[in-house]
Amino acid sequence: QVQLVESGGGLVQAGDSLRLSCAASEGTFRNWDMAWFRQAPGKEREFVAAELWAGGGIYYAEPVKGRFTISRDNTKKTVYLQMSSLKPEDTAVYSCAARTLSGPVQRPSTYTYWGQGTQVTVSS
């Protein structure tokens, strides 16, 4: 069974940078759309960024545009989220997700595989 494992979270100060990684244990990673979502305490899960397979496009949520960058290394079966100029409102558990189905990238229900999440805390 496919497992997604995130790493790279931590406690940082506002304005700092952080890079998250998400590695897949198996599967045809290169054929998957990959995405990052986040969930803050007391809030619903929200879309952060997505990169479609085979250069199908990259998408960002408005709050992170210009600050976050998603990328992938198919040879390592890993997707990354480079986060810069972090703000306290970026504090959340960040989870990666993978899918083989089509549909709106922002919709969590279209993703088949999920990681367990990694905590990112940004202090002011």
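The values are calculated or read from the model by the stated rules, or taken from the named source; none is laboratory data. Predicted model only: the values in this text are computed from it and were never measured. Cβ placement follows ideal geometry from the backbone for every residue including glycine, while neighbour counts extend to all protein chains displayed. Each accessible area value is taken on the protein alone, full model and side chains, heavy atoms only, with ligands, DNA and RNA left out. Shrake-Rupley method; radii C 1.70, N 1.55, O 1.52, S 1.80 Å.
Of all the accessible heavy-atom surface of the chain, with the other protein chains kept in place and a 1.4 Å probe, what percent is carbon and sulfur? Working shown, then result.
Numbers: 3030 of 6430 Å².
It is 47 percent, rounded to a whole number.
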Env charge @ Asp33, Cβ radius under 9 Å, K,R +1 / D,E -1, value 0
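Report the net charge of residues surrounding Thr112, where surrounding means a beta-carbon distance below 11 angstrom and charges are Lys +1, Arg +1, Asp -1, Glu -1.
Numbers: positive: Arg99; negative: Asp33.
So the environment of Thr112 carries a net charge of 0.
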Whichever lysines have a C-alpha closer than 23 Å to that of Lys43, once near sequence neighbours (fewer than 8 apart) are set aside: Lys65, Lys87
Running a GNM on the chain with Cα contacts under 10 Å, which residue among Gly15, Gly42, Gly66 ends up with the highest mean-square fluctuation? Gly42
Any idea of the accessible area per residue across the chain, 1.4 Å probe, to the nearest Å²? 52 Å²
Using DSSP to call loops (not H, G, I, E or B), can you name the GluC sites (Glu not before Pro) in region 31-124 whose Cβ has at most 15 other Cβ atoms within 10 angstrom? Glu44
Given charges at beta-carbon only (K, R positive; D, E negative), |dipole| of the chain in Debye: 140 debye
Leaving out same-chain residues fewer than 8 places away, which aspartates and glutamates sit with a Cα under 20 Å from that of Lys77? Glu6, Glu26, Asp33, Glu51
